[in-house]
Amino acid sequence: MEKLIINGGIPLKGSVDINGAKNAAVAILPATVMAMTGKCVIENVPDIEDVHCLQRILKSLGCAVNKINENTLEIDSTDVNNFNACTDDVRRMRASYYFIGALLARFKKARVELPGGCPIGVRPIDQHIKGFEALGAEVTIEHGAVNVKADKLVGTNIFFDVVSVGATMNIMIAATLAEGLTVLENVAKEPHIVDLANFLNTMGADIKGAGTDVIKINGVKELKGCNYSVIPDQIEAGTFMIAAAATKGDVTINNVIPKHLESITAKLKEMGAIVDEGDDSVRVTVDKKLRPVNIKTAPYPGFPTDMQAQFMALTTIAEGTSTVTETVFENRFMHVAELRKMGAHIDIDNRQAIVEGMPRLHGAVVNATDLRAGAALVCAALTAEGRTEVGRLHHIDRGYDDFVGKLQRLGADIVRVDE
Ligand code: EPZ
């Protein structure tokens, strides 16, 4: 087991290049199995554990996967011959469920183990199943796996009961090869939804409206291999914005789409940070005590739930009382107990955390409980007085590419060692 050792108090200075978006890449890579001819070359793929898992799953289905470089993958799905995705990798991550939509679309059958992922709530997949059945598939769940099959998929109107990133993506994937028009309403509008739609259209799909309240998919006969580059990761970018603010540093974050960071930028400015936007960068500087803030997570363009833990870490050293309300997941406050070990004053009232700002946190031995909680603890440790150890790094490895190296190059005193 490895851990991070961080000595806090050093203002981060310099610039950092953001990688491709995890939550776009983990939908685009499964969707490549729908390419009946040609190869997909996907660029700007983050080199993270979730992507490593997906590469192994793609190979288990019969895809030829070549790593052109650390951030570019070539996938040839011409000879896919296995419709069962039932490996430990499938059970380990959440995004493996996109193989259901992709295999159902192309082969009209699939057997995929139920997904894993961060334990931040029950995370049912009822909306995914609702969509598959609406398109004409028969769905059964037995022995921990989802079985889907259909004679054919026929376009239809689907109104989601819950705004769900995963369900929006999975049904958009499945509908690309259905017969006729599918209209999706009450959909998620995150940047990665738009990125997936753009990728599918580059393969030959006919999707309109991604990023708006209504997505229309006209089924096509065939999807082909193509070249595509993944959008920058808004959450990785936001995480480094928080690290810069927490350490009262001066950091330029490159390879971003500032519009995707609007809610994060707005909240940082409310706290007193200076955020200068470039065409594809943001510069965060803080030179005084931070003001408290009230955060309430919501689907895009609202404040992203994936930035909740990181922002909470920042409010622990603001000058006053902040509130953090988590409306998306029912169990996404596991980082509170760990932040308390570092001296944070946080009370929880159901879905709301009340944070009394402190002059400074102190180092402690803490553990990541999920991906973004782990990132939040690193941000807290970078500003805390003294030494912090962060364990259970597999959570962080799932979603951050070279996190330690990037922080070291910004001046952080952080190393990764064997326990
Ligand atoms: C995606 O998870 C992301 N993961 C999560 O990021 C992110 O927090 C979440 O979207 C919200 O933005 C990936 O993209 C791999 P949802 P997903 O379906 O798709 C309920 C990270 O840190 N729901 O939008 O699982 C669900 O329980 C990870 O990068 C149903 O009730 O999220 C939740 O309360 C963590 N039924 C809400 O909807 C369903 O069928 C939103 O979930 C599906 C979801």
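When residues in segment 347-358 are screened for being within 17 Å of residue 246 (Cα to Cα) and open to solvent by less than 50 Å² (accessible area, probe 1.4 Å), 3 of them pass. Of the residues contained in segment 301-316, one or more are found to be more than 16 Å from the ligand (Cβ to nearest atom), β-branched (Val, Ile, Thr) and buried (at least 22 other Cβ atoms within 10 Å of the Cβ).
The residue pairs whose first member lies in segment 33-47 and is on the phi > 0 side of the Ramachandran plot, whose second member is of a type in the set (A, V, I, L, M, F, W, C), and whose beta carbons are closer than 7 Å, counting only pairs six or more residues apart or on different chains, are 44/230. Among the residues of segment 37-79, those that are under 15 Å from residue 106 (Cβ atoms), open to solvent by 50 Å² or more (accessible area, probe 1.4 Å) and not charged (D, E, K, R) comprise 37, 78. Spot the failing condition for residue 289; the list is (1) buried (at least 16 other Cβ atoms within 10 Å of the Cβ); (2) in contact with an Asp or Glu (Cβ under 6 Å, 6 or more places away or on another chain), and only one is missed. Only one criterion in (1) buried (at least 16 other Cβ atoms within 10 Å of the Cβ); (2) in contact with an Asp or Glu (Cβ under 6 Å, 6 or more places away or on another chain) is unmet by residue 289, namely (1).
Looking only at segment 131-140, how many residues end up being outside any loop (DSSP other than H, G, I, E, B) and crowded, with 18+ Cβ neighbours inside 10 Å? Spell out how you get there, then give the answer.
Here is the first cut: in segment 131-140, the ones outside any loop (DSSP other than H, G, I, E, B) are 131-134, 138-140.
From what is left, the residues that are crowded, with 18+ Cβ neighbours inside 10 Å are 131-132, 134, 139.
The total comes to 4.
The set of residues in segment 80-130 being more than 16 Å from the ligand (Cβ to nearest atom), assigned to a strand (DSSP E or B) and buried (at least 19 other Cβ atoms within 10 Å of the Cβ) consists of 110, 111. Since residue 335 meets every condition but one in (1) within 16 Å of the ligand (Cβ to nearest atom); (2) without any contact (Cβ under 8 Å) to a residue 12 or more places away in the chain, which condition does it not meet? Among (1) within 16 Å of the ligand (Cβ to nearest atom); (2) without any contact (Cβ under 8 Å) to a residue 12 or more places away in the chain, the lone unmet condition for residue 335 is (2).
Any chance segment 296-305 includes a residue that's of a type in the set (A, V, I, L, M, F, W, C), touching a Ser or Thr at 6+ places or on another chain (Cβ under 9 Å) and in a strand (DSSP E or B)?
Yes, there is a match, as at least one residue in segment 296-305 is of a type in the set (A, V, I, L, M, F, W, C), touching a Ser or Thr at 6+ places or on another chain (Cβ under 9 Å) and in a strand (DSSP E or B).
Of the numbered criteria (1) modelled with pLDDT of 95 or more; (2) at negative phi; (3) more than 17 Å from the chain's Cα centre (by Cα), the one residue 86 fails is (1).
Given the residues 215, 242, 257, which is the only one that is modelled with pLDDT of 95 or more, closer than 26 Å to residue 16 by Cβ, within 15 Å of the ligand (Cβ to nearest atom) and not acidic (Asp, Glu)?
Details: 215 fails: closer than 26 Å to residue 16 by Cβ; 257 fails: within 15 Å of the ligand (Cβ to nearest atom).
Exactly one of 215, 242, 257 is modelled with pLDDT of 95 or more, closer than 26 Å to residue 16 by Cβ, within 15 Å of the ligand (Cβ to nearest atom) and not acidic (Asp, Glu), namely 242.
Considering 373, 381, the condition of being closer than 17 Å to residue 362 by Cβ, surrounded by 23 or more Cβ atoms within 10 Å (Cβ to Cβ) and modelled with pLDDT of 95 or more is satisfied by 381 alone.
Considering the conditions (1) more than 15 Å from the ligand (Cβ to nearest atom); (2) more than 26 Å from residue 53 (Cβ to Cβ); (3) open to solvent by 30 Å² or more (accessible area, probe 1.4 Å); (4) in contact with a helix residue (DSSP H, G or I) (Cβ under 8 Å, 6 or more places away or on another chain), residue 179 is excluded by exactly one of them, (4).
Close contacts from segment 262-278, counting a first residue that is within 10 Å of residue 245 (Cβ to Cβ) and a second that is open to solvent by 30 Å² or more (accessible area, probe 1.4 Å), with Cβ to Cβ under 7 Å and a gap of 6+ residues or different chains, come to 271/291; 272/288; 272/291; 275/269.
Considering 200, 261, which residue is in contact with a Ser or Thr (Cβ under 8 Å, 6 or more places away or on another chain) and either at positive phi or open to solvent by less than 10 Å² (accessible area, probe 1.4 Å) (or both)?
On the way: 261 fails: in contact with a Ser or Thr (Cβ under 8 Å, 6 or more places away or on another chain).
Result: 200 is the single residue among 200, 261 that is in contact with a Ser or Thr (Cβ under 8 Å, 6 or more places away or on another chain) and either at positive phi or open to solvent by less than 10 Å² (accessible area, probe 1.4 Å) (or both).
Considering every residue within segment 371-386, establish whether at least one is touching a Cys at 6+ places or on another chain (Cβ under 7 Å) and under 24 Å from residue 408 (Cβ atoms). Within segment 371-386 (the criterion being touching a Cys at 6+ places or on another chain (Cβ under 7 Å) and under 24 Å from residue 408 (Cβ atoms)), the answer is yes, since at least one residue qualifies. Is there a residue in segment 394-409 that is surrounded by 21 or more Cβ atoms within 10 Å (Cβ to Cβ) and among the β-branched types (Val, Ile, Thr)? Yes, some residue in segment 394-409 is surrounded by 21 or more Cβ atoms within 10 Å (Cβ to Cβ) and among the β-branched types (Val, Ile, Thr).
The values are calculated or read from the model by the stated rules, or taken from the named source; none is laboratory data. Computed from a predicted structure; not experimentally measured. A quick note on method: Cβ atoms are made from the backbone with ideal geometry, for glycine too, and the neighbour counts reach across all protein chains shown. Calculation scope for accessible area: heavy atoms of the full protein, side chains included, ligands and nucleic acids excluded. Shrake-Rupley method; radii C 1.70, N 1.55, O 1.52, S 1.80 Å.
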